[in-house]
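First comes the structure, then the notes that go with it.
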Amino acid sequence: MAEKSLPKINKIDQPFWKGAAEGKLLIQKCRACEKLQFFPRVVCTGCFSCELDWVQAKGEGKVHSFSWVFVPRNPAFKDEVPICYANIILDEGVIFESRIVGTNPQTVKTGAKVRVVFQQTASPEIKLPVFELAG
Amino acid sequence: MRRKRVCFVGYGSTEYSRKSEEPLLSYYAQAIRAALDQTGLKKSDIQGFSVTTQSSPDYSPHVAEQLGLELDWVLNGDYGGAGGVTSVRRAADAIEAGHVDVAVLLGGNSFDKSVFQQRPLEYQRANYVDVYGYGGPNTLMALVQRRHMEQYGTTLDQIGKIAVTQRENARLNPQALLRDPMSLEDYLKSRMISDPIRLFDCVMPCSGAECVVLASEERARSITDKLVYLVTDAERINYQVSNMLPDKTTFGIKVVGDRLFAEVRRDQIDLFELYDDYPIAVLIQIEDLGYCGKGEGGKFVGSHDLSFKGDFPVNTGGGELSVGQAGLAGGFLHVVEALRQLRSEAGPRQVKKAERALVTGIGWLSYGRNLGTTAGLIMERRA
């Protein structure tokens, strides 16, 4: 029986996952040029500086696009279909891949406002940032 | 840039199979043998060799070792679906630089389970996409399609017309695995995979291989009198990668098209072999190539005949959607079909005027954006 995919946390993105476990959505900010970026990287995609800080995003944004997944790539997710996989534009101006959860995900529309929540995974130390429809 | 002295001199294809577990190496060998038969070249004429792969390091030299090829040039073509076009580019560079006169380029797939295929580490995919239960490329392209439909009013009828017309072309292609008639209604009613992507938006994985042979002009003349020149070629890797608010509905093909059409006019292209992992990808490429404005692809598709006998022939052999996607042969299928057309070897699906073809290749889907690898080339038949 396959297991649900979990991140293989590494040296670079360890702060992100530690933040998520504590209920914080962290993204990278370049100390040199102040560009924000996600997913976590070794260098700034704007100026190639390696001096990257972690800043806490508000955790709010809008749905940019979404897809109802009926056939997940990893069959372990089958018990959750259809899964509302989505691209969220965070208010900070960064695109983020995630999913929409909560009480009424079937009413999701592009442009809908969403707010981050942190979902416990099978691993006690790992929580996934996912989004709920706001308001 | 414009190429001066690089020609396509031959190609080879295998039969495609839905279930075969024949070793991949055997498919490779069959495709190469077909190309050698067609060109009259001997194995010892092969100086350059490329295999498009998503496998381990040194894959190409190891395949060459198995095939007994001693070489002056080798390439591990790690470009996904863009591999057909990008390996042509790399080999053309090697020919123009004088490293080789003849190069054989391969792509293929088999369900052979004895061959362990290790994917390279995909950190961003594993940690930031897979964990949410996504549906693979079907989901990532579904995000692009929904965005296009909502932003520009593109309809399922327009998108479906691409799949339906390609099926009509495939009905005249004996290599195609999917040759049953398909109506727009069949398309619309096909099973939902990752909404709005349906079953008939998806390619069917299969076994098979394709081979392309490239040679210097001087050498080409001694091989064939059907000279097909590589005119110009371009690629864009990681389009918009550092833009944190990317435009999801524009591909790197826009940059590729601008470069290609610096050398050849848009109205000089007779047929289009556009990488078709999904119909929406074909529609967006038509926009990005500048045959209509951004967002007008749906209307364009609706008002043109995309069949092999139409005014805008696209994927004249049925494309990957109807032939089947033999893994990384997918990117080669389009090059080979263009060659068949330009050499007047396409039989009942022959495009009447086939002097110039535009071929694209697109590969993998990057985080939050769209295609990671995009490439294109223009080839031309000269007497």
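The values are calculated or read from the model by the stated rules, or taken from the named source; none is laboratory data. Just so it is clear, the structure is predicted and the values come from calculations on it, not from any experiment. Every residue, glycine as well, gets a Cβ built from its backbone with ideal geometry; the counts of neighbours run over all protein chains shown.
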**OP:** Test residue B:361 against the criterion of being within 22 Å of residue B:50 (Cα to Cα), assigned by TED's automatic domain parsing to the domain that holds residue B:312, among the small types (Gly, Ala, Ser) and outside any strand (DSSP E or B), and give yes or no.
**Re:** no
Original post:
Hey, any hits in the range B:68-87 for a residue that's free of Cβ contacts under 8 Å to residues at least 60 places away in the same chain and farther than 30 Å from residue B:232 by Cβ?
Top reply: yes
Subject >> Subset of the range B:235-260 [among the hydrophobic types (A, V, I, L, M, F, W, C) and touching a Ser or Thr at 6+ places or on another chain (Cβ under 9 Å)] >> reply: B:237, B:241, B:244, B:251, B:253, B:255, B:256, B:260
Original post:
Out of curiosity, is residue B:309 in contact (Cβ under 8 Å) with a residue 40 or more places away in the chain and not in a helix (DSSP H, G or I)?
Top reply: yes
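Among strands (runs of 3 or more DSSP E) lying entirely in the range A:74-135, which contain 3 or more residues that are within 11 Å of chain B (Cβ to nearest Cβ) and aliphatic (A, V, I, L, M)? Break it down stepwise before answering.
On the way: elements: A:83-90, A:94-101, A:113-120, A:127-133.
Once the strands (runs of 3 or more DSSP E) in the range A:74-135 are filtered for at least 3 residues that are within 11 Å of chain B (Cβ to nearest Cβ) and aliphatic (A, V, I, L, M), what remains is A:83-90, A:94-101.
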**OP:** Working only within the range A:7-41, note down all residues that are buried (at least 17 other Cβ atoms within 10 Å of the Cβ) and either at the interface with chain B (Cβ under 8 Å from one of its Cβ atoms) or assigned to a loop (DSSP other than H, G, I, E, B) (or both).
**Re:** A:7, A:13, A:24, A:35, A:36, A:37, A:38, A:39, A:40
Original post:
Here are some conditions: (1) over 19 Å from the mean Cα position of the chain (by Cα); (2) more than 10 Å from every other protein chain (Cβ to nearest Cβ); (3) surrounded by 15 or more Cβ atoms within 10 Å (Cβ to Cβ). Residue A:59 meets all but one. Which one does it not meet?
Top reply: (1)
Original post:
residue A:2 is checked against (1) surrounded by 13 or more Cβ atoms within 10 Å (Cβ to Cβ); (2) touching a Pro at 6+ places or on another chain (Cβ under 8 Å); (3) assigned to a loop (DSSP other than H, G, I, E, B); (4) not basic (Lys, Arg) and fails just one. What number does that condition carry?
Top reply: (1)
Original post:
Does any residue of the range B:306-315 turn out to be buried (at least 24 other Cβ atoms within 10 Å of the Cβ), within 15 Å of the chain's Cα centre (by Cα) and in the same structural domain as residue B:201 (by TED's automatic domain parsing)?
Top reply: yes
**OP:** Output yes when any residue across the range B:327-336 is small (Gly, Ala, Ser), crowded, with 24+ Cβ neighbours inside 10 Å and on the phi > 0 side of the Ramachandran plot, and no when none is.
**Re:** yes
**OP:** For residue A:69, indicate whether it is within 8 Å of chain B (Cβ to nearest Cβ), surrounded by 13 or more Cβ atoms within 10 Å (Cβ to Cβ), of a type in the set (A, V, I, L, M) and touching a helix residue (DSSP H, G or I) at 6+ places or on another chain (Cβ under 7 Å).
**Re:** yes
Original post:
strands (runs of 3 or more DSSP E) wholly in the range B:1-99 with at least 1 residues that are crowded, with 21+ Cβ neighbours inside 10 Å and among the aromatic types (Phe, Trp, Tyr) - which ones?
Top reply: B:6-13, B:48-52
**OP:** Could you grab me the full set of residues in the range B:155-182 that are crowded, with 24+ Cβ neighbours inside 10 Å and either under 15 Å from residue B:195 (Cα atoms) or at the interface with chain A (Cβ under 7 Å from one of its Cβ atoms) (or both)?
**Re:** B:159
**OP:** Say whether the condition of being closer than 17 Å to residue A:94 by Cα, among the β-branched types (Val, Ile, Thr) and in contact (Cβ under 8 Å) with a residue 60 or more places away in the chain is met by at least one residue in the range A:21-39.
**Re:** yes
Original post:
Take the residues of the range B:318-370 that are acidic (Asp, Glu) and in contact (Cβ under 8 Å) with a residue 40 or more places away in the chain: which is farthest from the other protein chains (Cβ to nearest Cβ)?
Top reply: B:355
Original post:
Any idea which residue in the range B:216-244 is nearest to the other protein chains (Cβ to nearest Cβ), counting only those that are polar (S, T, N, Q) and part of a strand (DSSP E or B)?
Top reply: B:232
